[in-house]
Amino acid sequence: MSTWQSVLIAPDVPLQEAIAALDRGGLQIAVVVDEQRRILGTVTDGDVRRALIRQVGLDAPIAEVMARQPRTAPAGSSKERVLQLMERHQISQIPLVDAEGRVVGIETLHGLLHGKRRDNAVFLMAGGFGTRLQPLTDNCPKPLLNVGDKPILEIIIENFVRAGFHRFFISTHYLPEMIRDHIGDGSRWDIEVQYVHEDEPLGTGGALGLLPREAIREPMFMMNGDLLTNLDFNKLLDFHDSHDGIATMCVREHEHRVPYGVIEGDGQRIISMVEKPAYRYFINAGIYVLSPSVLDSVARGQRIDMPTLLQKQMEQGQPVNMFPVHEYWLDIGRMEDFQRAQYDVAGLFHG
(Lines give C-alpha, C1' and ligand atoms only; values in the text may rest on other atoms or scores of the structure.)
Protein backbone atom coordinates (compact mmCIF):
# COMPACT_ATOMS: atom_id res chain seq x y z
CA MET A 1 0.00 0.00 0.00
CA SER A 2 1.37 3.43 -0.91
CA THR A 3 1.72 6.11 1.75
CA TRP A 4 -1.30 8.13 0.63
CA GLN A 5 -3.54 5.06 0.67
CA SER A 6 -2.55 4.36 4.28
CA VAL A 7 -4.14 7.65 5.41
CA LEU A 8 -7.59 6.92 3.98
CA ILE A 9 -9.96 6.31 6.90
CA ALA A 10 -13.67 5.69 7.43
CA PRO A 11 -15.88 8.31 9.13
CA ASP A 12 -16.60 6.05 12.13
CA VAL A 13 -12.91 5.54 12.93
CA PRO A 14 -12.12 6.87 16.46
CA LEU A 15 -9.88 9.89 16.89
CA GLN A 16 -7.12 7.72 18.36
CA GLU A 17 -6.94 5.59 15.19
CA ALA A 18 -6.96 8.73 13.03
CA ILE A 19 -3.95 10.03 14.98
CA ALA A 20 -2.19 6.72 14.31
CA ALA A 21 -2.97 7.11 10.59
CA LEU A 22 -1.51 10.63 10.60
CA ASP A 23 1.69 9.39 12.24
CA ARG A 24 1.88 6.32 10.01
CA GLY A 25 1.47 8.22 6.76
CA GLY A 26 3.77 11.11 7.57
CA LEU A 27 1.75 13.45 5.32
CA GLN A 28 0.19 15.52 8.15
CA ILE A 29 -3.24 14.70 6.72
CA ALA A 30 -5.76 11.87 6.83
CA VAL A 31 -8.61 11.70 4.32
CA VAL A 32 -12.06 10.50 5.38
CA VAL A 33 -13.74 8.51 2.63
CA ASP A 34 -16.82 6.34 2.10
CA GLU A 35 -16.80 2.73 0.89
CA GLN A 36 -16.32 3.88 -2.72
CA ARG A 37 -13.36 6.05 -1.66
CA ARG A 38 -15.31 9.25 -2.26
CA ILE A 39 -13.99 12.06 -0.12
CA LEU A 40 -16.09 13.09 2.90
CA GLY A 41 -13.61 15.24 4.78
CA THR A 42 -10.01 15.68 5.89
CA VAL A 43 -8.17 15.66 9.20
CA THR A 44 -4.88 17.50 9.72
CA ASP A 45 -2.53 17.95 12.65
CA GLY A 46 -4.27 21.25 13.33
CA ASP A 47 -7.69 19.59 13.51
CA VAL A 48 -6.36 17.03 15.97
CA ARG A 49 -4.68 19.65 18.16
CA ARG A 50 -7.84 21.76 18.28
CA ALA A 51 -9.81 18.65 19.25
CA LEU A 52 -7.33 17.85 22.01
CA ILE A 53 -7.53 21.41 23.32
CA ARG A 54 -11.33 21.03 23.42
CA GLN A 55 -10.70 17.71 25.22
CA VAL A 56 -12.59 15.67 22.65
CA GLY A 57 -12.35 12.04 23.71
CA LEU A 58 -9.94 9.77 21.85
CA ASP A 59 -12.82 7.36 21.23
CA ALA A 60 -14.94 10.00 19.46
CA PRO A 61 -15.62 9.24 15.77
CA ILE A 62 -13.42 11.22 13.43
CA ALA A 63 -16.52 12.57 11.69
CA GLU A 64 -16.93 14.88 14.70
CA VAL A 65 -13.46 16.38 14.12
CA MET A 66 -12.92 16.34 10.34
CA ALA A 67 -13.17 19.35 8.05
CA ARG A 68 -16.37 18.74 6.08
CA GLN A 69 -15.58 20.99 3.10
CA PRO A 70 -12.06 19.91 2.15
CA ARG A 71 -10.05 21.55 -0.59
CA THR A 72 -9.25 19.18 -3.44
CA ALA A 73 -7.57 19.30 -6.84
CA PRO A 74 -8.56 17.40 -9.98
CA ALA A 75 -6.41 14.40 -10.77
CA GLY A 76 -3.79 15.30 -13.36
CA SER A 77 -3.50 18.94 -12.24
CA SER A 78 -0.16 20.55 -13.00
CA LYS A 79 2.35 21.26 -10.25
CA GLU A 80 1.85 24.98 -10.77
CA ARG A 81 -1.94 24.64 -10.45
CA VAL A 82 -1.66 22.64 -7.23
CA LEU A 83 0.81 25.14 -5.76
CA GLN A 84 -1.56 27.99 -6.63
CA LEU A 85 -4.41 26.23 -4.83
CA MET A 86 -2.22 25.61 -1.78
CA GLU A 87 -1.12 29.23 -1.66
CA ARG A 88 -4.64 30.59 -2.18
CA HIS A 89 -6.13 28.48 0.61
CA GLN A 90 -3.05 28.44 2.88
CA ILE A 91 -2.80 24.66 3.03
CA SER A 92 0.14 22.27 2.81
CA GLN A 93 -1.63 19.12 1.60
CA ILE A 94 -4.36 18.58 -0.98
CA PRO A 95 -6.14 15.37 -2.03
CA LEU A 96 -6.40 14.63 -5.75
CA VAL A 97 -9.82 13.40 -6.86
CA ASP A 98 -11.26 11.99 -10.06
CA ALA A 99 -14.48 13.11 -11.77
CA GLU A 100 -16.55 10.98 -9.35
CA GLY A 101 -14.93 12.55 -6.27
CA ARG A 102 -12.85 9.48 -5.51
CA VAL A 103 -9.42 10.05 -3.96
CA VAL A 104 -6.60 9.00 -6.28
CA GLY A 105 -3.62 10.64 -4.58
CA ILE A 106 -2.38 13.34 -2.19
CA GLU A 107 0.02 16.17 -3.01
CA THR A 108 2.06 17.89 -0.27
CA LEU A 109 3.81 21.22 -0.32
CA HIS A 110 6.99 19.59 0.94
CA GLY A 111 6.90 17.04 -1.84
CA LEU A 112 6.32 19.69 -4.51
CA LEU A 113 9.11 21.96 -3.31
CA HIS A 114 11.54 19.14 -2.42
CA GLY A 115 12.02 20.56 1.06
CA LYS A 116 13.20 23.95 2.23
CA ARG A 117 16.41 24.88 3.98
CA ARG A 118 15.61 26.66 7.25
CA ASP A 119 17.94 29.26 8.77
CA ASN A 120 16.25 29.19 12.18
CA ALA A 121 18.63 28.14 14.94
CA VAL A 122 18.13 25.00 17.04
CA PHE A 123 19.27 25.10 20.69
CA LEU A 124 19.68 21.68 22.34
CA MET A 125 20.06 21.41 26.12
CA ALA A 126 22.61 18.69 26.84
CA GLY A 127 24.12 19.67 30.21
CA GLY A 128 22.16 17.54 32.67
CA PHE A 129 23.69 14.98 35.03
CA GLY A 130 21.17 12.22 34.30
CA THR A 131 21.31 11.02 37.90
CA ARG A 132 18.18 8.87 37.55
CA LEU A 133 19.96 6.85 34.87
CA GLN A 134 22.97 5.98 36.97
CA PRO A 135 25.13 3.93 36.66
CA LEU A 136 24.76 4.38 32.88
CA THR A 137 25.56 8.08 33.24
CA ASP A 138 28.49 7.72 35.65
CA ASN A 139 30.93 8.11 32.77
CA CYS A 140 28.66 9.21 29.93
CA PRO A 141 26.35 12.25 29.58
CA LYS A 142 22.72 11.20 29.12
CA PRO A 143 22.39 12.71 25.61
CA LEU A 144 25.13 10.34 24.41
CA LEU A 145 23.46 7.17 25.67
CA ASN A 146 22.61 4.92 22.75
CA VAL A 147 19.08 4.19 21.64
CA GLY A 148 19.63 1.27 19.34
CA ASP A 149 22.96 2.08 17.71
CA LYS A 150 22.82 5.90 17.94
CA PRO A 151 23.10 8.39 20.82
CA ILE A 152 19.93 10.27 21.75
CA LEU A 153 21.48 13.61 20.81
CA GLU A 154 22.53 12.34 17.39
CA ILE A 155 18.99 11.12 16.65
CA ILE A 156 17.58 14.54 17.62
CA ILE A 157 20.06 16.36 15.37
CA GLU A 158 19.36 14.10 12.40
CA ASN A 159 15.61 14.64 12.79
CA PHE A 160 16.13 18.41 12.56
CA VAL A 161 18.55 18.03 9.63
CA ARG A 162 15.99 15.99 7.69
CA ALA A 163 13.51 18.82 8.31
CA GLY A 164 15.92 21.33 6.69
CA PHE A 165 17.63 22.92 9.72
CA HIS A 166 21.37 23.48 9.70
CA ARG A 167 22.28 25.92 12.51
CA PHE A 168 22.71 24.31 15.92
CA PHE A 169 23.76 25.43 19.37
CA ILE A 170 24.36 22.89 22.15
CA SER A 171 24.51 23.73 25.86
CA THR A 172 26.85 21.57 27.94
CA HIS A 173 27.80 21.18 31.60
CA TYR A 174 28.34 17.54 32.65
CA LEU A 175 31.20 15.84 30.77
CA PRO A 176 31.17 18.51 28.02
CA GLU A 177 34.28 17.22 26.26
CA MET A 178 32.55 13.93 25.43
CA ILE A 179 29.69 15.74 23.70
CA ARG A 180 32.05 18.05 21.80
CA ASP A 181 34.24 15.13 20.71
CA HIS A 182 31.30 13.06 19.49
CA ILE A 183 29.22 15.71 17.73
CA GLY A 184 32.11 17.92 16.61
CA ASP A 185 31.43 20.93 14.40
CA GLY A 186 28.59 19.22 12.54
CA SER A 187 30.49 18.83 9.28
CA ARG A 188 29.53 15.16 8.89
CA TRP A 189 25.91 16.33 8.51
CA ASP A 190 26.86 19.43 6.52
CA ILE A 191 25.59 21.65 9.36
CA GLU A 192 27.10 24.19 11.76
CA VAL A 193 27.31 23.32 15.46
CA GLN A 194 28.41 25.77 18.16
CA TYR A 195 28.63 25.18 21.90
CA VAL A 196 27.88 27.20 25.01
CA HIS A 197 29.05 25.92 28.40
CA GLU A 198 27.39 26.38 31.77
CA ASP A 199 30.09 26.59 34.43
CA GLU A 200 27.28 26.17 36.95
CA PRO A 201 23.81 24.83 36.14
CA LEU A 202 21.65 27.78 35.11
CA GLY A 203 18.25 26.06 34.94
CA THR A 204 16.34 25.14 31.81
CA GLY A 205 16.15 28.78 30.69
CA GLY A 206 19.38 30.29 31.98
CA ALA A 207 21.55 28.95 29.17
CA LEU A 208 19.70 31.29 26.77
CA GLY A 209 21.78 34.11 28.26
CA LEU A 210 24.96 32.46 26.95
CA LEU A 211 23.92 32.47 23.30
CA PRO A 212 25.31 35.01 20.79
CA ARG A 213 22.19 37.14 20.46
CA GLU A 214 23.41 38.96 17.38
CA ALA A 215 23.40 35.62 15.53
CA ILE A 216 19.78 34.77 16.42
CA ARG A 217 17.33 37.19 14.86
CA GLU A 218 14.66 34.66 13.86
CA PRO A 219 12.45 32.37 15.99
CA MET A 220 14.62 29.65 17.52
CA PHE A 221 13.89 26.08 18.54
CA MET A 222 14.81 25.05 22.05
CA MET A 223 14.60 21.40 23.03
CA ASN A 224 15.76 19.19 25.87
CA GLY A 225 18.52 16.83 24.80
CA ASP A 226 16.86 13.76 26.32
CA LEU A 227 13.66 13.79 24.26
CA LEU A 228 12.74 11.65 21.30
CA THR A 229 9.86 12.60 19.03
CA ASN A 230 8.79 12.43 15.41
CA LEU A 231 7.11 15.83 15.68
CA ASP A 232 7.04 17.79 12.40
CA PHE A 233 9.32 20.70 13.29
CA ASN A 234 8.34 22.68 10.22
CA LYS A 235 4.69 22.41 11.19
CA LEU A 236 5.55 23.71 14.67
CA LEU A 237 7.52 26.62 13.23
CA ASP A 238 4.72 27.48 10.82
CA PHE A 239 2.29 27.47 13.76
CA HIS A 240 4.52 29.85 15.71
CA ASP A 241 4.92 32.17 12.74
CA SER A 242 1.19 32.31 12.08
CA HIS A 243 0.09 33.00 15.67
CA ASP A 244 0.62 36.12 17.71
CA GLY A 245 2.95 34.94 20.44
CA ILE A 246 6.39 35.58 21.84
CA ALA A 247 6.84 31.84 22.42
CA THR A 248 5.21 28.52 21.61
CA MET A 249 5.43 25.67 24.10
CA CYS A 250 4.75 22.11 23.03
CA VAL A 251 2.42 20.33 25.43
CA ARG A 252 1.44 16.72 25.87
CA GLU A 253 -1.89 15.48 27.17
CA HIS A 254 -1.51 13.45 30.35
CA GLU A 255 -4.17 11.41 32.09
CA HIS A 256 -4.12 10.64 35.81
CA ARG A 257 -6.56 8.04 37.05
CA VAL A 258 -7.36 7.99 40.76
CA PRO A 259 -7.47 4.33 41.89
CA TYR A 260 -10.14 5.03 44.50
CA GLY A 261 -13.62 6.43 44.74
CA VAL A 262 -13.44 10.23 45.16
CA ILE A 263 -15.87 11.80 47.61
CA GLU A 264 -16.90 15.46 47.59
CA GLY A 265 -18.52 16.75 50.74
CA ASP A 266 -19.94 19.81 52.44
CA GLY A 267 -19.22 19.45 56.11
CA GLN A 268 -20.46 16.02 57.12
CA ARG A 269 -22.77 15.65 54.13
CA ILE A 270 -21.65 13.83 50.96
CA ILE A 271 -22.46 15.80 47.81
CA SER A 272 -21.11 13.43 45.15
CA MET A 273 -19.22 10.19 44.70
CA VAL A 274 -17.15 9.36 41.61
CA GLU A 275 -15.58 5.93 41.26
CA LYS A 276 -11.95 5.99 40.04
CA PRO A 277 -12.16 9.27 38.09
CA ALA A 278 -9.67 10.21 35.39
CA TYR A 279 -8.28 13.73 35.12
CA ARG A 280 -6.75 14.96 31.86
CA TYR A 281 -4.41 17.91 31.60
CA PHE A 282 -1.50 19.21 29.54
CA ILE A 283 2.13 18.86 30.59
CA ASN A 284 5.20 20.68 29.30
CA ALA A 285 6.75 18.58 26.51
CA GLY A 286 10.18 20.28 26.68
CA ILE A 287 10.10 21.69 23.12
CA TYR A 288 9.76 25.42 22.41
CA VAL A 289 9.92 27.99 19.64
CA LEU A 290 11.15 31.30 21.04
CA SER A 291 11.15 34.74 19.47
CA PRO A 292 14.50 36.58 19.76
CA SER A 293 13.12 38.97 22.40
CA VAL A 294 12.84 36.04 24.83
CA LEU A 295 16.60 35.55 24.58
CA ASP A 296 17.13 39.25 25.13
CA SER A 297 15.28 39.01 28.45
CA VAL A 298 17.79 36.57 29.99
CA ALA A 299 20.97 38.10 31.40
CA ARG A 300 24.27 36.27 31.02
CA GLY A 301 24.77 34.03 34.05
CA GLN A 302 21.15 34.38 35.21
CA ARG A 303 19.65 31.22 36.67
CA ILE A 304 16.04 30.65 35.62
CA ASP A 305 13.79 27.78 34.51
CA MET A 306 11.73 27.99 31.34
CA PRO A 307 8.30 27.92 33.05
CA THR A 308 9.35 30.84 35.26
CA LEU A 309 10.78 32.74 32.28
CA LEU A 310 7.61 32.30 30.22
CA GLN A 311 5.40 33.13 33.19
CA LYS A 312 7.25 36.44 33.54
CA GLN A 313 6.67 37.13 29.84
CA MET A 314 2.95 36.50 30.26
CA GLU A 315 2.81 38.78 33.31
CA GLN A 316 4.25 41.51 31.10
CA GLY A 317 1.42 41.01 28.62
CA GLN A 318 3.36 38.88 26.13
CA PRO A 319 1.28 36.00 24.71
CA VAL A 320 2.61 32.45 24.96
CA ASN A 321 0.87 29.79 22.86
CA MET A 322 0.68 26.03 23.26
CA PHE A 323 1.06 23.39 20.56
CA PRO A 324 -0.35 19.96 21.53
CA VAL A 325 1.91 17.06 20.52
CA HIS A 326 0.04 13.91 19.50
CA GLU A 327 3.03 12.42 17.67
CA TYR A 328 5.48 9.99 19.24
CA TRP A 329 7.14 11.59 22.28
CA LEU A 330 9.34 10.08 24.95
CA ASP A 331 11.13 11.86 27.80
CA ILE A 332 14.03 9.60 28.73
CA GLY A 333 14.23 10.55 32.39
CA ARG A 334 14.08 7.18 34.14
CA MET A 335 15.59 3.77 33.56
CA GLU A 336 12.23 2.34 32.44
CA ASP A 337 11.97 5.15 29.83
CA PHE A 338 15.43 4.31 28.52
CA GLN A 339 14.55 0.61 28.30
CA ARG A 340 11.28 1.42 26.53
CA ALA A 341 13.19 3.54 24.00
CA GLN A 342 15.22 0.53 22.93
CA TYR A 343 12.05 -1.21 21.78
CA ASP A 344 9.80 1.43 20.27
CA VAL A 345 12.11 4.26 19.18
CA ALA A 346 14.83 2.42 17.30
CA GLY A 347 12.40 1.41 14.56
CA LEU A 348 11.06 4.95 14.20
CA PHE A 349 14.34 6.83 13.88
CA HIS A 350 16.91 4.43 12.47
CA GLY A 351 17.48 3.38 8.95
(Q) Running a GNM on the chain with Cα contacts under 10 Å, which residue among Ala341, Ala99, Ala20 ends up with the highest mean-square fluctuation? (A) Ala99
**Q.** Residues of type lysines that Lys150 reaches as a straight line, Cα spacing below 20 Å, ignoring anything fewer than 8 places off in the same chain
**A.** Lys142
**Q.** Accessible surface of region 1-157, 1.4 Å probe, proportion on carbon and sulfur as whole %
**A.** 47
Q. Can you give the FRET efficiency for Val262 and Gln5, using 1/(1 + (r/R0)^6), R0 = 41 Å, r = Cβ-Cβ distance, to the nearest 0.05?
A. 0.35
Q. What is the Cα centroid distance between region 27-83 and region 167-182, reported in whole angstrom?
A. 42
Q. What is region 1-120 by shape, rounded, prolate or oblate, if you read a ≥ b ≥ c off the alpha carbon gyration tensor as root eigenvalues and call it rounded for a/c under 1.5, prolate for a/b larger than b/c, and oblate otherwise?
A. oblate
Q.
Ignoring everything except DSSP H segments at least 4 long, calculate the 222 nm mean residue ellipticity for the chain; use -39,500 (n - 2.57) per segment, divide by total residues, nearest 500.
A. -7500 deg cm²/dmol
Q) At a probe size of 1.4 Å, how large is the accessible area of Lys312, to the nearest 10 Å²? A) 90
Q: Work out which helices of the chain, taken as complete DSSP H runs, extend at least 18 Å along their axis over the Cα atoms and score a mean Kyte-Doolittle of -0.5 or more, then list them.
A: none
Q: Quick one: compute the contact order of the chain, relative version, from alpha carbon pairs under 8 angstrom and 6+ residues apart, as a percent.
A: 15
(Q) If you split all Cα-Cα distances of region 1-61 into 5 Å bins from zero, what percentages do you get per bin, shortest first? (A) 4, 20, 31, 27, 12, 4, 1
Q: Would you mind classifying the chain by shape? Square roots of the alpha carbon gyration tensor eigenvalues, ordered a ≥ b ≥ c; an a/c under 1.5 is rounded, otherwise it is prolate if a/b is larger than b/c and oblate if not.
A: oblate
Q.
Among Gly184, Gln302, Phe323, whose Cα projects farthest towards the positive end of the dipole of the chain, with charges put on the beta-carbon of Lys, Arg (+1) and Asp, Glu (-1)?
A. Phe323
Q | Two-site FRET efficiency, Asn146 against Ser187, from Cβ-Cβ distance with R₀ of 25 Å, rounded to 0.05 | A | 0.70
Q: Specify whether the C-alpha gyration tensor of region 246-351 places it in the rounded, prolate or oblate class, a ≥ b ≥ c being the square roots of the eigenvalues: rounded for a/c under 1.5, otherwise prolate if a/b is larger than b/c and oblate if not.
A: oblate
Q. Where only protein heavy atoms count, and the probe is 1.4 Å, what is the accessible area per residue for the chain in Å²?
A. 50
Q | Net charge dipole size for region 58-185 [Lys, Arg +1 and Asp, Glu -1 on Cβ; Debye, nearest 20] | A | 360
Q.
Taking all protein chains in place and a 1.4 Å probe, what share, in percent, of the accessible surface of region 195-350 do carbon and sulfur account for?
A. 50
Q) So how do 42-55, 85-98 stack up, highest first, on mean other-Cβ count within 10 Å? A) 42-55, 85-98
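The values are calculated or read from the model by the stated rules, or taken from the named source; none is laboratory data. Remember, predicted model here, so these are calculated numbers, not experimental data. With ideal geometry, Cβ positions are generated from the backbone for all residues, glycine too; neighbour counts draw on all protein chains shown. Just the protein is used for accessible areas: all its heavy atoms, side chains included, with ligands, DNA and RNA removed. Shrake-Rupley method; radii C 1.70, N 1.55, O 1.52, S 1.80 Å.
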